[in-house]
Amino acid sequence: MAKNRDDAQQAVKAKNALLANRSREIKTPLHTICESSDALCKCQKQNDEQKELSKMMSNSSHALLGLVNDILDFSRLESESIELEMSIFSLRNAIEECIDSYYSKAIKNGNVVSYDVEGGIPEMVCLDLSRLKQILQKLISNAITFTENGEIHISVSSIETDLTENGDQPLPRLQFVIKDTGIGMKKDTSEWIFQSFWQVDQSRSRRHGGTGLGLAISKKLAIAMGGDMWFH
């Protein structure tokens, strides 16, 4: 039994490693397509139809790149080959950059996005900046997608949980809470929401797109950074 289990785990890791390598090979030409289509969108010597086609190509290529990135991250996390890059940065600047990246989408849906950071939390923190922003952007994007003419609010507070290695003082941890006034979810979805490829509403998923990997990846990234993710 133990040998069969180990063989199965090795097979899964090998499959995920292969998937990660293939995803990287796909990303290289995709980046070229994204950059070329973005350049076309900025070209002034186009009629209205050409501009619309350029915009469609740009949006589609970026959506496909996002899908490949999700699959690549998922395969890395499944094979436990994700690497964190810790750095010191401004927490408030990071949150504002995440909100700014979805400003147009929020306005289009008639939403207001705000945030607050609890007093006493230092301006500079040490975390993996890109991974933190990846998680926040996914949660903000989801909140905006399923909220119309409402509000999305991000709050950051400090909580004391674990003891230090010496057992003398509690270690402070940051807790991020994202609230929205959107459609919400049923309580019985709590055991499924972080499952891979799970989507809360298939009809809305077809309209808005998505792979059902975003929250699964976000939770795994949070755990990789020593935290966790839940909803209520």
>> Quick check on this structure: which one of Tyr103, Tyr115 is under 22 Å from Gly184 (Cα atoms) and free of Cβ contacts under 8 Å to residues at least 12 places away in the same chain?
In response: Tyr103
>> I'd like the full set of residues that are open to solvent by 100 Å² or more (accessible area, probe 1.4 Å), outside any loop (DSSP other than H, G, I, E, B) and modelled with pLDDT of 65 or more, limited to the stretch 158-187.
In response: Glu160, Lys179, Lys187
> Given the stretch 64-157, what helices (runs of 4 or more DSSP H) lie entirely inside it while holding 2 or more residues that are more than 18 Å from Ala222 (Cβ to Cβ), open to solvent by 70 Å² or more (accessible area, probe 1.4 Å) and modelled with pLDDT under 95?
Replying inline: 91-101, 103-108
> Considering the stretch 73-100 alone, what residues qualify as being touching a residue at least 60 places away in the same chain (Cβ under 8 Å) and of a type outside the set (Ser, Thr, Tyr)?
Replying inline: Asp73, Phe74, Arg76, Leu77, Glu78, Glu80, Ile82, Leu84, Leu91, Ile95
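The values are calculated or read from the model by the stated rules, or taken from the named source; none is laboratory data. What you see is a predicted model, and the numbers here were worked out from it, not measured in a lab. Positions of Cβ are generated from backbone atoms using ideal geometry, with glycine treated the same way; all protein chains shown enter the neighbour counts. These accessible areas exclude ligands, DNA and RNA; they are computed on the full protein's heavy atoms, side chains included. Shrake-Rupley method; radii C 1.70, N 1.55, O 1.52, S 1.80 Å.
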